[in-house]
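K.L.:
Here it is, the structure, as structure tokens.
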Amino acid sequence: MSDEIRFTVEGGLATVELTRPKALNALTLGMIREMHPQLEAWEDDDSVKAVLIKGEGEKAFCAGGDVRAVYRSIVDDLGGKGPSELSKTFFLEEYRLNHTIHAFSKPYVALLDGVTMGGGVGLSVHGSHRIVTERLMFAMPETGIGLFPDVGGGWFLPRLPGEFGTYLALTGARLDAAGAVALGVATHYVPSTRLQGLEAALATTIAEASDGRTAINDVLDRFAEAPGDDPTAGHRELIDRCFAESSVEGILEALDRAAADGSGFAAETAATLRHKCPTSLKISLEQLRRGRSMSNLAEVLAMEYRMSQHCIAGTEFFEGVRAILVDKDHAPKWRPDSIEGVSAALVASFFDPVPGREFSL
Ligand code: QUE
């Protein structure tokens, strides 16, 4: 076991702990390569009744994929001129792990106690149980760094109520615990002070249970509390109306109209969108519309893997990570720098196959 991830088993409950608290437990290729075979071994191990995953420290479950390392590898390998070995394999192996979590035959319980973004969402949202605390900060922020909401975002986001997933994907808006429960992103709310008790109860209950799934549901029902008022409730109608438009330009026009009619929320949302990567906005909307009619997660991940490989071959991911995560000037120079400048042909090209780099499970 490395110092980035820890595996333990206690009384039929297997636990994964992400142990990079200083990096908000951001997911490295090394962690993916350790976790994936461990999950498969636990699936075949009759003494393991369920898997629990959590992040070390009080700040984060997992802030995302370690995109800084992908960025560095592109700089180091080829002077920024082309995709590195890491950038080709990172996304492939990450998406394969996302699918294994989705198809996992035993209860998979994620404790989302803190920052949960991007790659951290992929480690949790596809599992059977998602427990959130008052410290949850959930987001798919990739359109801000020249990427798109991957790790199966094209699967779960279009399946959230109304157009809320489109709103989350394009704006990178944050959800708190109440919002996450209301939308179904989370299955249970448990205050962080009760998590230790919850883990202990899961381990002891499952050890004695004949049916692990029922035992887990019973324990979770005992620990779960009401998360409070859903702050998204008042904006749902406006979001559903504006984000149902078929283009990013149409969404912005709808938001501007609502803003002119007095909606401060619509004005803020339009302003947020105008700071995101224009190419990311358009490919992400296309990703979600295509994903909505796909019939399984593997098909979505194959689409997303193609998109990821086009992103690392282009300029925007590189510039986005530089501006937000490396130099932190928060002033990316997007190319094209306007929504209208992103042609339909450019958008379509992100969905083309990349020779020698197709997704497989
Ligand atoms: C978009 C992202 C990520 C992000 C910020 C975005 C992401 C990611 C991190 C992150 C945050 C803190 C860390 C770290 C990484 O931030 O994927 O190592 O310490 O991992 O706007 O996609």
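K.L.:
In segment 82-92, which residue that is part of a helix (DSSP H, G or I) and in contact (Cβ under 8 Å) with a residue 40 or more places away in the chain is surrounded by the most Cβ atoms within 10 Å (Cβ to Cβ)?
P.N.:
Selected residue: Phe91.
K.L.:
Mind counting the residues in segment 116-155 that are more than 9 Å from the chain's Cα centre (by Cα) and surrounded by fewer than 23 Cβ atoms within 10 Å (Cβ to Cβ)?
P.N.:
Result for segment 116-155: 8.
K.L.:
Turning to a different aspect of this structure: Collect the residues in segment 278-295 that are outside any helix (DSSP H, G or I) and in contact (Cβ under 8 Å) with a residue 60 or more places away in the chain, keeping them in residue-number order. Show your work before the answer.
P.N.:
Initial filter on segment 278-295 (outside any helix (DSSP H, G or I)): 293-295.
Within segment 278-295, just Met294 meets the criteria.
K.L.:
I'm told Tyr95 meets every condition in (1) in contact (Cβ under 8 Å) with a residue 60 or more places away in the chain; (2) buried (at least 19 other Cβ atoms within 10 Å of the Cβ); (3) not in a helix (DSSP H, G or I) except one. Can you identify the failing condition by its number?
P.N.:
(3)
K.L.:
Being part of a helix (DSSP H, G or I), touching a Phe, Trp or Tyr at 6+ places or on another chain (Cβ under 9 Å) and more than 12 Å from the ligand (Cβ to nearest atom) is the filter here, so list the residues in segment 309-321 that pass it.
P.N.:
Gln309, His310, Ile312, Glu316, Phe318, Glu319, listed by residue number.
K.L.:
Given the conditions (1) more than 16 Å from the ligand (Cβ to nearest atom); (2) at pLDDT 95 or above, and given that Thr171 satisfies all but one, which numbered condition is not satisfied?
P.N.:
Every listed condition holds for Thr171 apart from (1).
K.L.:
Which of the residues that make up segment 124-158 are on the phi < 0 side of the Ramachandran plot, part of a loop (DSSP other than H, G, I, E, B) and within 12 Å of the ligand (Cβ to nearest atom)?
P.N.:
Of the residues in segment 124-158, the ones on the phi < 0 side of the Ramachandran plot are 124-145, 147-150, 153-158.
From what's left, part of a loop (DSSP other than H, G, I, E, B): 124-128, 133-136, 140-141, 147-150.
Residues satisfying the conditions are Met140, Pro141, Leu147, Phe148, Pro149, Asp150.
K.L.:
Could you tell me whether any residue of segment 324-345 is within 16 Å of the ligand (Cβ to nearest atom) and either within 24 Å of Asp240 (Cβ to Cβ) or of a type in the set (S, T, N, Q) (or both)?
P.N.:
Within segment 324-345, none of the residues are within 16 Å of the ligand (Cβ to nearest atom) and either within 24 Å of Asp240 (Cβ to Cβ) or of a type in the set (S, T, N, Q) (or both).
K.L.:
Among the residues in segment 99-109, are any in a helix (DSSP H, G or I) and within 15 Å of the ligand (Cβ to nearest atom)?
P.N.:
Within segment 99-109, none of the residues are in a helix (DSSP H, G or I) and within 15 Å of the ligand (Cβ to nearest atom).
K.L.:
Return yes or no: is Gly314 over 13 Å from Tyr71 (Cβ atoms) and modelled with pLDDT under 95?
P.N.:
Answer is yes for this residue.
The values are calculated or read from the model by the stated rules, or taken from the named source; none is laboratory data. Since the model is a prediction, treat every value here as computed from it, not as a measurement. Cβ: placed from backbone, ideal geometry, glycine included. Neighbour counts: every protein chain shown.
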